[in-house]
1. Using the Cα atoms of the chain, I'd like the radius of gyration and the largest Cα-Cα distance, Dmax, both in angstrom.
2. Within the P(r) computed for the range 56-152, what percentage of the Cα pairs occupies the region above 23 Å?
3. Of the heavy-atom accessible surface of the range 50-158 (probe 1.4 angstrom), what whole percent is carbon and sulfur?
4. Using the per-residue mean of other Cβ atoms lying within 10 Å as a proxy for protection, in what order, highest first, do the peptides 135-148, 33-46, 112-125 fall?
5. Could you do me a favour and compute the accessible area per residue for the chain, 1.4 Å probe, result in Å²?
6. Find the lysine pairs in the range 78-169 meeting two conditions, Cα atoms under 14 Å apart and a separation of 8 or more places or different chains, and report how many there are.
7. Taking the chain as the reference, fit the longest principal axis to its C-alpha atoms, fit the long axis of helix 102-111 to the helix C-alpha atoms, and give the angle between the two in degrees, 0 to 90, nearest 10.
8. If you fit an axis through the alpha-carbon atoms of helix 153-167 and take the longest principal axis of the Cα set of the chain, what angle between them do you get, 0 to 90°, nearest 10?
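The values are calculated or read from the model by the stated rules, or taken from the named source; none is laboratory data. Quick caveat, the model's predicted, so the values are computed rather than measured. Here the Cβ positions follow ideal geometry from the backbone for every residue, glycine too, while neighbour counts run over all protein chains shown. Calculation scope for accessible area: heavy atoms of the full protein, side chains included, ligands and nucleic acids excluded. Shrake-Rupley method; radii C 1.70, N 1.55, O 1.52, S 1.80 Å.
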Amino acid sequence: MIKTSLIVLVTLMASTSVYAQAPAAAPAPPPPRAKGPAVALAVEAAQSALADCMSKTYKVTALVVDSAGVLVAMMSQDGAAVRTQDVAKSKIATVMKYKVASGVIVERAKTDTALADALKADPAIGQARQGALPIIVKGEMVGAMAVSGAPGGDKDEACVMTGLAKVQARLM
């Protein structure tokens, strides 16, 4: 009996060592975010846009993304409608897809029914709205900025222009 138990124990020990694995290698670090405005500049642009809109009594959301459309900064003023965040995202989606100001797409869609249909079919856009601009550095689009919540896309876009003007010379 002892001999049988010893054989079983040796067999078990041998079989577990066969299945033992080396410790897993540490996972590779995730890649950095895409090219785009530095966080400090994105925040400064958003704050400047909010201040401009607030001076006109508009309660808005400002949103800045990198060249891949990934969020860098988003700020909503106290009292801004929650919907402004989603609308700003749809404006950004328009800029990222078409590589021009969202207002340009609004104008094109008025006479191009195929474009208007494509916008409606895109769940990230739904409807083109003015109020987002590409961020261009040395001829390359490195992100986009949107504002939503003013009474009209032209007013949103004016606040975006103020925000971007504040940081444009320091974008690289």
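1. Cα radius of gyration and Dmax of the chain are 26.2, 93 Å respectively.
2. 23
3. Solvent-exposed carbon and sulfur of the range 50-158 make up 55 percent of the total.
4. By packing density, highest mean first, the sequence is 135-148, 33-46, 112-125.
5. Values: 10010 Å² over 172 residues.
Each residue of the chain exposes 58 Å² on average to a 1.4 Å probe.
6. 6
7. 70
8. Once rounded, the angle reads 70 degrees.
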